[in-house]
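Below: the structure, in structure tokens.
Each value in this text was obtained by applying a stated rule to the coordinates, not by laboratory testing. Every value quoted in this text rests on a predicted model; they were computed, and no experiment measured them. Cβ placement follows ideal geometry from the backbone for every residue including glycine, while neighbour counts extend to all protein chains displayed.
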Amino acid sequence: MSTLTAIDLEKHFSFLRNADQEIKKQLLNHAQIKEIPAGASICWEGDTCTQLALVLAGAVRVYKVGESGREITLYRIEEDESCILTASCILSQTRFPAFAVTESPVRAVLIPASILREWVKRYEVWRDYVFELMSKRLATVIATVEEVAFRRVDARIAEFVANLAEENQEVKITHQEIAFELGTAREVVSRILKDFERENLIALSRGSIVIQNKPALLEKARLL
């Protein structure tokens, strides 16, 4: 991996800063850099996980698809992060339980599955990294489940839209994309957004939303 140095890796992944030189040397020897274009499907449900990606730049969306075809975002993997589902599948040698797609061009360091399993067994620094990854992502996924199961859809949409941008800023996003994010139907999103527009909280146009009253949207999210 001649185009990346140990110092470069330490800038992105702080857990390597205190690692032994031998660990850094092995990472540089076994890993490879991969450039992936935006919109690429990189994992399908049921895939065998053959590599763990440490993301250097870009963003990956990890999501589930229901029998009806409805999607819900589980989490995103962004710069200096990695995928807990991939790590879990590699260590347990099970199939990938979701889908993953790049939302922007991604540059990542890829570690072969067999090498990762060996490193987790041999090196405490790698065990600590994987366990920390699990704890952080588990909290995110639990929060998503709680949102879907226990919170009203209109409150979730109000909060999501309010956090898209500042007041009077236009955001390029479709009703279907919001539905994918929140795990609901496009028709439900459209109906609720129309209600918000009638209340002068937002202004709708094709493929975009203008936030007109962000404090009121956040208050609606809190009260509903």
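Key figures
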{"item": "Helical contribution to [θ] at 222 nm, DSSP H n ≥ 4, -39,500 (n - 2.57), averaged over the chain, rounded to 500", "result": "-14500 deg cm²/dmol"}
{"item": "Cα principal axis extents for the chain, largest first, Å", "result": "63, 35, 30"}
{"item": "Dipole of segment 82-224, positive end: most advanced residue of I202, I178, S114 [Cβ charges, Cα centre]", "result": "S114"}
{"item": "Reach of K24 by Cα under 28 Å, taken over lysines that are not fewer than 8 positions away in the same chain", "result": "K11, K34, K121, K136"}
{"item": "Top of R95, R156, R206 by mean-square fluctuation, Gaussian network on the chain, Cα under 10 Å", "result": "R206"}
{"item": "Virtual spin-label span in nm between T174 and E78, 7 Å along Cα→Cβ", "result": "2.4 nm"}
{"item": "Computed over segment 114-171, Kirkwood Rh from alpha-carbon pairs, angstrom", "result": "14.6 Å"}
{"item": "In Hz, Karplus ³J(HN,Hα) per residue of segment 24-41 (6.51, -1.76, 1.60; θ = phi - 60°; x = Gly, Pro)", "result": "5, 5, 5, 4, 5, 6, 9, 8, 9, 8, 10, 9, 10, x, 5, x, 8, 7"}
{"item": "Spherically averaged projected area in nm², based on the convex hull that wraps the Cα atoms of segment 152-223", "result": "4.0 nm²"}
{"item": "Cα centroid of segment 7-36 to Cα centroid of segment 152-224, whole Å", "result": "41 Å"}
{"item": "Stretch gain in nm, segment K64-V148, where the contour uses 0.36 nm per residue and the Cα spacing is subtracted", "result": "28.9 nm"}
{"item": "Most mobile of A19, A100, A31 in a GNM of the chain (Cα contacts under 10 Å)", "result": "A19"}
